[in-house]
1. Percent of accessible area on the chain owned by carbon and sulfur, 1.4 Å probe?
2. What FRET efficiency would be calculated for the residue pair Thr349, Lys599, taking the C-beta separation as r and a Förster radius of 60 Å, to the nearest 0.05?
3. Could you order the peptides 311-318, 557-564, 546-553 from most to least packed, using the average number of other C-beta atoms within 10 Å per residue?
4. Quickly rank 199-206, 217-224, 265-272 as a protection proxy: mean count of other C-beta atoms within 10 Å, highest first.
5. For a quick check: with amide H placed at 1.01 Å from N, whose amide H comes under 5 Å from Val481's, ignoring anything fewer than 5 positions away on the same chain?
6. Whole-Hz Karplus ³J(HN,Hα) for the range 409-417, in order, using 6.51 cos²θ - 1.76 cosθ + 1.60 and θ = phi - 60°, x for Gly and Pro?
7. Past 32 Å, Cα to Cα, is the threshold; run Lys250/Lys578; Lys327/Lys541; Lys263/Lys540; Lys486/Lys578; Lys275/Lys541; Lys496/Lys540 against it and keep the listed order.
8. Mind checking the full-extension length gain between Glu283 and Ser226? Use 0.36 nm per residue of separation minus the Cα-Cα distance, one decimal, nm.
Amino acid sequence: MGRRLLLGLVLAVALFLPGKAHAAITLTPCPDKSGVQCGTVDVPVDRSGAVPGTIGLHVEVLPASGVPRGTMFLIAGGPGQGSAGSFNLAPGYGRDLMRFLFPGYTLVAFDNRGTGQSSVIRCPALQSAVNPSVEQDAALARDCAAIIGPQRVFYATRDHAEDVDAVRAALGVAKIGLYGVSYGTKLAVAYALAHPANVERIILDSVVVPTYPAPFARNVLTQLPSTLRRCCSGGFCRGATSDFGGEVVKLANRLEARPIRGKVIAPSGRLRSLKMNGEDMIELIIDADLSVGLAAEAPAAVHAALAGNTRPLLRLRDIDLRSNELKVEDLSFGLYAATNCADGQFPWTPDTPPSARASILESTLLGLPSGSFGPFGNWAGRTGNAFFCEQWPSPAGNTPLGPGPLPNVPMIALNGGFDLRTPTTNALAVVSQFPQGRLIEVPGVGHSVTGQDASFCSQRALREWILGTLNAPKLASCPRVAPVAKVLRAFPQAPKSPSPASTLALAGKTLREAEASWWQLNPPATTLRGLYGGKLVQLKKGDGFTLTRYALTPGVFVTGKVSFGDIGPPATYKGTVKVFGPRAIAGTLRLGKNSVSGKLGGRSVKASY
């Protein structure tokens with residue numbers, strides 16, 4: 001099969017599996033992805049036949065290189081991400097990585113129903129909402145349900161699992177491998193429960209327990225402080241905080257009681273008002289497991305906020321909110337709502353009317369014993385999907401998965417030690433259900449291990465497992481991975497009487513913060529403002545940035561060009577910048593691998609930064 005696809009021929013013949021006939025998918029060369037074949041599989045909206053109509057699933061296939069080993073389905077997360085778009089199989093890094101991980105496998109990525117190029121669900125108000133309250137979010141979800149209409153009940157994970165099997169059958173493949181990331185791990189296990197005989201092997205990256213989303217996110221909240229403390233072990237947060245987990249807990253509980261308000265400089269240069277409560281705080285910190293830049297700045301920002309300087313924290317919140325402004329083709333928030341509001345294990349029966357759910361939620365929260373959310377108050381339960389789905393029309397929640405049992409096949413899970421949204425306890429719970437289950441944890445790495453592990457330890461281990469040469473125990477770990485973006489030690493203030501030494505120290509901190517901020521840019525955004533003015537603009541090739549009067553502290557400005565050197569970790573940079581301002585000694589500095597040097601006020605200076 002892989003050989004025929006490699007020839008780029010159109011497949012338009014019937015393919016047969018034992019005892020059952022299936023119409024074949026017609027594959028033709030993708031117009032914008034050399035070597036990739038594209039096609040469409042039409043599936044029923046409602047497999048019972050009660051609701052008419054079909055959905056065309058966009059499928060992309062990359063034939064195996066070398067000796068064929070099998071077929072691997074690549075399953076993206078969200079829910080709401082289309083796998084064909086997320087796993088870009090066009091020539092480039094994405095293709096190279098997948099072929100490295102899965103040598104000899106034909107790779108299949110298709111957009112789930114309601115995502116990407118498979119009749120994507122569009123709910124404009126939900127998609128574009130910035131920092132809505134919990135109540136506003138629930139209303140936006142309700143309005144989205146009205147846009148989708150009665151067919152909203154056909155986007156549960158079990159429906160996505162049946163679509164996986166429809167694509168498998170159309171390709172004429174008897175058994176498939178499953179590689180899922182984040183929500184894709186839940187879908188992979190759901191498929192294995194529904195069609196165990198069709199599974200060859202399973203790979204899970206950043207593991208979601210199949211019965212989740214949990215209504216109040218207790219699994220995340222109880223693990224959050226200890227995960228943050230482990231992240232800072234070994235001195236990685238030295239100078240920023242002595243107890244990252246404890247300070248996050250203290251600040252979140254404080255902000256829930258007394259939210260903070262302030263103004264930040266938007267990318268346009270105008271001031272923007274922002275409010276932040278405890279729920280916002282938790283969401284910000286959790287997002288650090290997807291952003292190495294946010295992870296680098298958060299410890300110092302939390303410490304500064306506890307001391308009364310909330311400006312850095314509000315700026316990070318603003319940057320994070322902007323990074324979550326995604327195109328519907330990249331992640332459909334409408335599909336996210338439809339799937340999670342069908343799957344969630346809510347404290348109400350599916351047919352409970354929305355008008356009755358608020359009292360059920362409140363009474364359930366009040367009835368939970370002290371400590372149910374770790375050191376956070378019961379208010380933290382409002383970050384769970386139960387509140388998001390409160391106004392979703394009936395039926396809502398508790399849609400069952402397949403009956404199982406899970407297949408006794410080779411299975412491996414990868415989880416990051418800094419994964420805040422799917423902590424390693426999730427992976428342990430799922431791995432234990434597979435007789436051949438294995439787990440590799442990567443300390444220091446966040447969510448989506450194979451995409452974030454700069455050490456490449458987990459990627460090599462996965463390849464060795466595929467090749468049958470992995471020599472590691474069932475529970476193993478990679479060495480600690482250092483942060484890619486250097487952790488910011490503090491948000492400083494400039495002295496009234498500057499010196500070359502003080503200016504050099506402030507310039508170094510400004511450059512370190514600018515590097516961390518650059519990592520937080522999310523295309524198509526290319527511009528950020530400094531904490532106290534100026535701007536950072538990404539270079540056109542995306543391999544660095546320019547600074548114009550960029551200020552981490554009042555009165556000290558940095559201007560120049562910084563180019564990305566190497567991923568490290570930690571990452572390195574090169575470039576030349578000018579330092580000036582009323583609280584600086586003017587001069588020019590050059591970035592080395594781990595140092596900054598040059599002349600300030602005619603005096604030669606050099607220091608690590």
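The values are calculated or read from the model by the stated rules, or taken from the named source; none is laboratory data. Fair warning: this is a prediction, and the values are worked out from it, not measured in the lab. As a convention, Cβ positions derive from the backbone with ideal geometry for all residues, glycine included, and neighbour counts pool all protein chains shown. Just so you know, the surface numbers come from the protein's heavy atoms only, side chains and all, with ligands and any DNA or RNA stripped out. Shrake-Rupley method; radii C 1.70, N 1.55, O 1.52, S 1.80 Å.
1. The computed percentage sits at 55.
2. E(calc), rounded to 0.05, equals 0.25.
3. 311-318, 546-553, 557-564
4. Averaged packing, sorted descending, gives the order 199-206, 217-224, 265-272.
5. Gly444, Val445
6. So the Karplus estimates, Gly and Pro as x, are 10, x, 9, 9, 10, 10, 9, x, x Hz.
7. Result: Lys250/Lys578; Lys275/Lys541; Lys496/Lys540 exceed 32 Å.
8. Going from the current span to full extension adds 18.9 nm.
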